[in-house]
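Below is one structure; the comments refer to it alone.
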Amino acid sequence: MWFRRDLRVDDHPALAAAAARGRMVALWVADPALLHAPHHRAPVRLRFLRACLEALDAELADRGVRLVVRSGDPADVLPAVAREAGADLVVATADVTPYSRRRDDGVRAALGEEEVGFECIGGPWRVAPGDLAGSKGTGYLVYTPFWRAWEQVPVDSRIAPPEVLDGPVLASEGLDMLPAGDAPIAAGPRAARERLEEFIRSGAVDRYGDDRDMVADDGTSHLSADLRMGVLSPAQVGRAIGAGKGLRASRVPFWRQIAWRDFYAHHMARHPEVAGAALKPAYRAMEWDDDPVLLEAWREGRTGFPLCDAGMRQMRATGWMHNRARMVAASVLVKDLLVDWRHGEAEFMRRLVDGDPANNNGGWQWTAGTGTDAAPYFRVFNPVLQAKRFDPTGAYVRRWVPELKDVPDRFIHEPWRMDEATQEEAGCVIGRDYPAPVVEHAIRRDEAIARYKDADARHAAELEAAA
Ligand SMILES: Cc1cc2nc3c(=O)[nH]c(=O)nc-3n(C[C@H](O)[C@H](O)[C@H](O)COP(=O)(O)OP(=O)(O)OC[C@H]3O[C@@H](n4cnc5c(N)ncnc54)[C@H](O)[C@@H]3O)c2cc1C
């Protein structure tokens with residue numbers, strides 16, 4: 001059993017299949033191609049991963065086997081371990097990223113040469129991409145019809161964890177190739193289940209529809225990193241909230257978010273090219289400024305747009321950012337600073353404990369208007385209006401941008417409007433303690449719209465010329 005993004009023993013179709021065949025080895029491979037890839041060099045996520053692997057090892061040990069860790073190219077490691085173990089089959093959970101599919105093809109071929117089989121069973125999603133093909137068989141590009149089809153698919157029954165596991169004892173390298181230190185949140189299946197149970201027991205799941213956008217209220221589940229590493233399956237989440245026919249109306253908004261996760265995974269499975277380029281061909285040749293000074297100001301939370309800066313600083317400090325702040329920060333980067341969304345996507349991957357290729361890419365392309373957002377490009381977030389709506393008291397901004405903590409409520413989201421005396425009184429002089437906005441929103445908004453329009457026109461002309 002080759003563990004990847006499925007670090008649990010409960011509700012695990014691939015592990016159950018491996019255990020049902022008899023003796024087995026539980027393997028995790030430290031793949032340098034992933035660990036050294038710039039967008040995976042994320043200390044916070046690697047610390048969490050290490051803690052999840054340690055928790056998995058403990059769960060396996062309770063059942064009789066230990067996790068074997070080996071580093072190297074999986075196409076070399078898997079045949080070598082199969083040989084040592086005398087295995088005739090490697091079982092894994094499927095994945096959707098272009099890299100994981102190339103890797104799995106390589107592993108399948110290498111194992112094939114040794115007459116060892118390779119089978120992927122189940123996936124990190126709730127509904128497999130092939131099961132939701134849409135009326136044309138090409139999947140869904142728009143979320144709402146996807147959701148309607150997705151919610152009709154019954155939640156799978158639980159697959160109980162194997163009680164006893166048995167197999168040859170192989171040497172293991174340990175986990176020192178991953179950074180040690182406290183994980184940003186409690187890690188492992190038990191911690192994840194407790195988070196989920198608390199989210200339900202406290203009633204937060206039933207208030208989610210009202211609270212989820214209020215950045216200071218922390219009304220969301222914080223399950224993203226658990227789902228990212230597969231210490232919790234989306235089906236476990238569904239069963240816990242009573243998903244299926246008769247799901248309480250108050251819980252539907254939360255279940256819809258779990259469907260977004262599948263939506264983006266399906267999307268990447270069918271359109272692997274989104275991993276490096278805009279989904280909408282017209283925007284592949286967009287003109288970006290990519291000003292390094294503005295990009296750095298954004299990274300460090302010094303754009304002068306308080307909600308954007310608060311989000312970026314929350315992410316730097318904790319490895320997590322509220323979804324509404326993610327949308328606003330992404331929009332500021334792309335539509336105000338005119339920086340290519342791929343720079344933002346990479347920065348999020350390096351900072352987020354839940355950094356997930358499909359969800360992150362989907363979120364960035366949605367915000368940049370290059371992906372699956374049904375709204376037209378000329379609907380641009382206004383970072384000040386967003387802040388007034390979703391952080392009305394400024395509590396979130398004050399928490400993460402302490403220079404602004406004594407700014408009066410009416411200026412908290414537009415501190416540059418304070419007169420000099422008010423700035424002195426608030427201990428926040430603009431330009432000294434906190435920057436003025438690095439660009440003017442109204443002007444940059446028009447510039448962004450003009451560039452999208454231009455990209456559209458050029459694309460239409462190219463299509464016409466080719467016809
Ligand atoms: C620019 C941008 C980048 C993002 N990058 C990531 C990422 O790398 N990894 C990631 O897991 N999410 C990403 N998201 C989606 C979302 O912001 C996070 O999933 C969410 O904030 C995690 O907090 P939570 O677990 O409390 O979410 P909840 O609101 O409690 O939602 C429950 C679960 O549903 C899923 N989910 C919620 N919203 C979305 C969404 N919009 N898209 C896909 N899945 C969703 C997550 O798995 C989440 O844990 C991104 C969103 C944007 C706008």
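All of the numbers you see were taken from the coordinates with simple rules; none came from a lab. Predicted model, so just to flag it, every value in this text is computed and none were measured. Quick reminder, even Gly has a Cβ in these numbers, built from the backbone with ideal geometry, and neighbours come from all protein chains shown.
Some points to look at:
- Length-normalised contact order of segment 63-112 in % [C-alpha pairs under 8 Å, at least 6 apart]: 49 percent
- A Förster radius of 45 Å, combined with the Cβ-Cβ distance separating residue 447 from residue 164, puts the computed FRET efficiency at roughly 0.10.
- For segment 288-354, a crude dipole built from +1 on the beta carbon of Lys and Arg and -1 on the beta carbon of Asp and Glu, taken about the Cα centre, is about 340 debye to the nearest 20.
- On the basis of the beta-carbon distance and an R0 of 51 Å, residue 277 and residue 388 show a calculated FRET efficiency of 0.90.
- Calculated P(r) of segment 377-467 - Cα pairs past 19 Å, %: 54 percent
- A simple charge model with +1 on the Cβ of Lys and Arg, -1 on the Cβ of Asp and Glu and nothing else charged puts the dipole of segment 26-110 at about 280 debye relative to its Cα centre.
- The distance from the alpha carbon centre of segment 349-376 to that of segment 410-467 is 21 Å, rounded to a whole number.
- Under-5 Å amide H pairs with residue 30, H placed in peptide plane, nonlocal only: 70, 71, 72
- For the pair residue 109 and residue 128, the difference between a 0.36 nm per residue extended length and the Cα-Cα distance amounts to 4.5 nm.
- Per principal axis, descending, Cα span of segment 1-123 in whole Å: 37, 34, 25
- For residue 405, net neighbour charge (Lys/Arg +1, Asp/Glu -1) across residues whose Cβ lies under 14 Å away: -4
- In whole angstrom, segment 1-56 maps to an equivalent ellipsoid with semi-axes of 25, 12, 9, each derived as √(5λ) from the alpha carbon gyration tensor and ordered largest first.
- Extension reserve of the residue 84-residue 395 stretch, reckoned as 0.36 nm per residue once the Cα distance is removed: 106.2 nm
- Note on segment 281-457: along the principal axes its Cα atoms extend 51, 35, 29 Å, ordered by decreasing extent.
- Surface/4 estimate of mean projected area, convex hull on alpha-carbon atoms of segment 181-225, nm²: 3.6 nm²
- Each Cα pair under 8 Å and six or more residues apart adds its sequence gap; the mean of these over the residue count of the chain is a relative contact order of 17 percent.
- Relative contact order computed over segment 332-418 (Cα-Cα under 8 Å; 6+ residues apart), in percent: 16 percent
- Using Cβ point charges alone (K and R +1, D and E -1), the dipole size of the chain about the Cα centre works out to roughly 1000 debye.
- Positive-end residue of 12, 85, 157, charge dipole of the chain with Cβ unit charges: 157
- Packing here is the average count of other Cβ atoms within 10 Å per residue, and on that basis the peptides 448-457, 134-143, 398-407, highest first, run 398-407, 448-457, 134-143.
- Length gained when the stretch residue 172-residue 257 is fully extended (0.36 nm per residue, less Cα-Cα span): 26.8 nm
- Between the beta carbons of residue 424 and residue 456, assuming R0 = 45 Å, the FRET efficiency works out to 0.40 to the nearest 0.05.
- Each semi-axis of the equivalent ellipsoid for segment 89-220 is √(5λ) with λ an eigenvalue of the Cα gyration tensor; in descending order they amount to 33, 26, 16 Å.
- The chain - Kirkwood radius from inverse mean 1/r over Cα pairs (Å): 23.9 Å
- For the chain, the 222 nm mean residue ellipticity estimated from helices alone, with every DSSP H stretch of n ≥ 4 adding -39500 (n - 2.57) and the total spread over all residues, rounds to -15000 deg cm²/dmol.
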